[in-house]
Amino acid sequence: MFNLSAFKIIIRVLHGTQNHQKQCFYCFVTAAVGSNIIGHGCTIGFPAILLPQLQQPDSFIKLSSAEESWLAAVLGITQLVGSFITSPIMSRFGRRFAHFVVTIPVLVGWFTTILATNFEELLLGRILQGLSIGMLSPLRSVLIGEYASPRNRGAFLTTISLTQAFGIFFVHLIGSILSWQKTALICVFFSFVSLVMTIYSPESPSWLASKNRYEESREVFRWLRGNDEEDELEEMIQARMLYEDAAISLKAKRSESRFREMITTIKKKEFHKPIILMMHAYVMVQFAGGTTMAAYSTKIIKLILGPAANANFWMIVLDTQRLISNSVAVFVINKLKRRTMMFATGGLCVFSQIAISGYTYLRSEHALPYDAMWIPALLINLQFFTVATGMLPLPNVIGGEVFPLEYKSIGGTISLATMSVSFFLVLKTFPGLVDSVGVHGTYTVYSLMLCYCLLVIWILLPETKGKTLQQIEDEFRGRPLNRQELEEKEIFHSCPVLAYKRKMSMRRCSSHILH
């Protein structure tokens, strides 16, 4: 077990009072996760710094357009692979050990990038970084959810998107001043700090309880939270004990074959409708422009604002706006209806992309009656505002509301797979699309994809704000539950085994919801 006394000495130096100590314990643990996410944000935004510098005449690494797109897009595939690696590790060896394992690939990836002398070595570094991003996806919300107090858990989970946005902002800021090697060396700091902080972090009390180490679980839980949340502690331990007692009998009672059960589930409207909805929502996120802007910022800015524009300056402006808009979105989304927010920001995003397409086309044909820098600057800021306030955070919020409890885990997995594949496809095809049909053609294609996704969402998405999960499920089904379904659902909610699994599943799927 970790050294409690050593860590307590560190905390006492930082905070004098006992109350501050207790809050600082789980703040420290969750800060280790946040530091890692900042490093991953740096990884996502790094191509916007790397690729322009490699295109300079004095660069010792020469890349083709296809190789550049691979460096930007490979994260999509590797993070999908990485997301399936972590679950067995954190289940068998613990959350703390899993966090160690997650951090190693990104550190090795950064140092591989720093020392790279050719495309293959750069690609290897990006692959390792993508694996780390994917491995942290199912782990980060589990760590925050199991360590933090319920009073602050929501606030800590909200910081996931903000810390990632800060990482993108940071790497763009530093990379506009320093070389890509020095920028990469500085970015190592966040993951290294996370590794050191993990050394002084305890194991999750939930995992200790799952391994029947109840006394250790109680000790760590009380050390993290004090004695004010004993109800959650005893509920968790009691649920695990019931799980152990009931697991064998439940297995014996299940007579229906898994294949037949799977077919029955797929046919349920409350299962396949939310999945189709969220698949289109996450595809929409990629075509809204935030993904391409993070990886190809300077290229897009010069294509839209013109070659004379200061791309690095505008990149920092847009990143700053993203941070502010993400923060504003946390409050705005809680005030407005989901459908109102979705289609208002979605409509503005489509308008901004069509306007950018029309502007760049007319400019290329020298058909503009009036032109000034403020016109494309206004349009690209409008697009980025809609992405940061609605198009990006709303699918994350809706994803946590539309899946019935029984299907949250599989729904989150399918959502992550869709997001990763579309992330890869958008970044891999963007340079070739711009070369073949121009920036106006590319934005036209993206606006058409947005219109299609918004149409599907319009048809499938019920209003979820202020409704219970059961009411939302009934809307997808098109009717209330009948007597037999009510009995089955009652069994689902009352069975100790399924209740325990559901609780663990909800914590894991939070990573997909907040990605």
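The values are calculated or read from the model by the stated rules, or taken from the named source; none is laboratory data. A quick note: this is a predicted structure, and the numbers were derived from the prediction, not measured. Cβ: placed from backbone, ideal geometry, glycine included. Neighbour counts: every protein chain shown. In case anyone asks, the SASA skips ligands and DNA or RNA and just uses the protein heavy atoms, side chains included. Shrake-Rupley method; radii C 1.70, N 1.55, O 1.52, S 1.80 Å.
In region 146-262, counting only helices (runs of 4 or more DSSP H) that sit wholly within it, the ones holding 2 or more residues that are under 22 Å from the mean Cα position of the chain (by Cα), at pLDDT below 65 and of a type in the set (A, V, I, L, M, F, W, C) span 150-175. For region 368-382, a tally of residues being open to solvent by less than 30 Å² (accessible area, probe 1.4 Å) and outside any helix (DSSP H, G or I) returns 1. Kindly evaluate Ala281 against the criterion of being open to solvent by less than 50 Å² (accessible area, probe 1.4 Å), within 19 Å of Ile168 (Cβ to Cβ), assigned to a helix (DSSP H, G or I) and in contact (Cβ under 8 Å) with a residue 12 or more places away in the chain. Criteria not met by Ala281.
Results for (1) under 20 Å from the mean Cα position of the chain (by Cα); (2) without any contact (Cβ under 8 Å) to a residue 12 or more places away in the chain; (3) within 19 Å of Asn36 (Cβ to Cβ); (4) surrounded by fewer than 19 Cβ atoms within 10 Å (Cβ to Cβ), shown as yes or no for each residue.
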| residue | (1), (2), (3), (4) |
| --- | --- |
| Ala73 | yes, no, no, no |
| Gly76 | yes, no, no, no |
| Thr86 | yes, no, yes, no |
| Leu115 | no, yes, no, yes |
| Leu122 | no, no, no, no |
| Gly125 | no, no, yes, no |
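For region 454-490, the candidate set comprises residues that are of a type in the set (Val, Ile, Thr) and under 14 Å from Pro404 (Cα atoms); within that set, the residue that is modelled with the highest pLDDT is Thr464.
Can Arg363 be described as farther than 26 Å from Phe46 by Cβ, open to solvent by less than 30 Å² (accessible area, probe 1.4 Å) and more than 19 Å from the chain's Cα centre (by Cα)?
No, not satisfied.
Is it the case, given these coordinates, that Ile375 is farther than 29 Å from Leu71 by Cβ and out of contact with any Leu (no Cβ under 6 Å at 6 or more places or on another chain)? Judged against the criteria, Ile375 is a match. For the condition open to solvent by less than 10 Å² (accessible area, probe 1.4 Å) and of a type in the set (Gly, Ala, Ser), Gly390 qualifies.
Across region 295-308, the number of residues qualifying as open to solvent by less than 10 Å² (accessible area, probe 1.4 Å) and hydrophobic (A, V, I, L, M, F, W, C) comes to 4. Filtering region 330-338 for residues that are under 16 Å from Gln383 (Cα atoms), of a type in the set (A, V, I, L, M) and in contact with a helix residue (DSSP H, G or I) (Cβ under 9 Å, 6 or more places away or on another chain) leaves an empty set.
Taking region 184-202 only, how many residues are open to solvent by less than 50 Å² (accessible area, probe 1.4 Å) and in contact with a Ser or Thr (Cβ under 9 Å, 6 or more places away or on another chain)? Show your work before the answer.
Looking only at region 184-202, we keep the residues that are open to solvent by less than 50 Å² (accessible area, probe 1.4 Å), and these are 184, 187-188, 190-191, 193-195, 197-198, 201-202.
From the residues that got through so far, the ones that are in contact with a Ser or Thr (Cβ under 9 Å, 6 or more places away or on another chain) too are 184, 187, 190-191, 193-195, 197-198.
Qualifying residue count for the region: 9.
Restricting attention to region 316-367, which residues are outside any helix (DSSP H, G or I) and within 20 Å of Val437 (Cβ to Cβ)? Listed by number, the residues that qualify are Glu365, His366, Ala367.
If you go through region 424-442 and keep only what is farther than 15 Å from Glu365 by Cβ and open to solvent by 10 Å² or more (accessible area, probe 1.4 Å), you end up with Phe424, Leu425, Lys428, Thr429, Gly432, Leu433, Val434, Asp435, Ser436. Is it true that some residue in region 47-63 is within 20 Å of the chain's Cα centre (by Cα) and not basic (Lys, Arg)? Yes, the conditions are met somewhere in region 47-63. Just checking, does region 398-406 include any residue being open to solvent by 40 Å² or more (accessible area, probe 1.4 Å), without any contact (Cβ under 8 Å) to a residue 24 or more places away in the chain and more than 26 Å from Gly45 (Cβ to Cβ)? Within region 398-406 (the criterion being open to solvent by 40 Å² or more (accessible area, probe 1.4 Å), without any contact (Cβ under 8 Å) to a residue 24 or more places away in the chain and more than 26 Å from Gly45 (Cβ to Cβ)), the answer is no, since none of the residues qualifies. Determine whether Phe385 is open to solvent by 50 Å² or more (accessible area, probe 1.4 Å) and among the aromatic types (Phe, Trp, Tyr). It is true that Phe385 is open to solvent by 50 Å² or more (accessible area, probe 1.4 Å) and among the aromatic types (Phe, Trp, Tyr).
Table: residues versus (1) part of a helix (DSSP H, G or I); (2) in contact with a Ser or Thr (Cβ under 6 Å, 6 or more places away or on another chain); (3) of a type outside the set (Phe, Trp, Tyr).
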site: Ala32; (1), (2), (3): yes, yes, yes
site: Ile37; (1), (2), (3): yes, yes, yes
site: Gln53; (1), (2), (3): yes, no, yes
site: Ile61; (1), (2), (3): no, no, yes
site: Trp70; (1), (2), (3): yes, no, no
site: Gln79; (1), (2), (3): yes, yes, yes
site: Gly82; (1), (2), (3): yes, no, yes
site: Thr86; (1), (2), (3): yes, no, yes
site: Phe97; (1), (2), (3): yes, no, no
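Do we have any residue at all in region 327-348 that's under 23 Å from Ser176 (Cβ atoms) and either hydroxyl-bearing (Ser, Thr, Tyr) or surrounded by 16 or more Cβ atoms within 10 Å (Cβ to Cβ) (or both)? For region 327-348, residues under 23 Å from Ser176 (Cβ atoms) and either hydroxyl-bearing (Ser, Thr, Tyr) or surrounded by 16 or more Cβ atoms within 10 Å (Cβ to Cβ) (or both): present.
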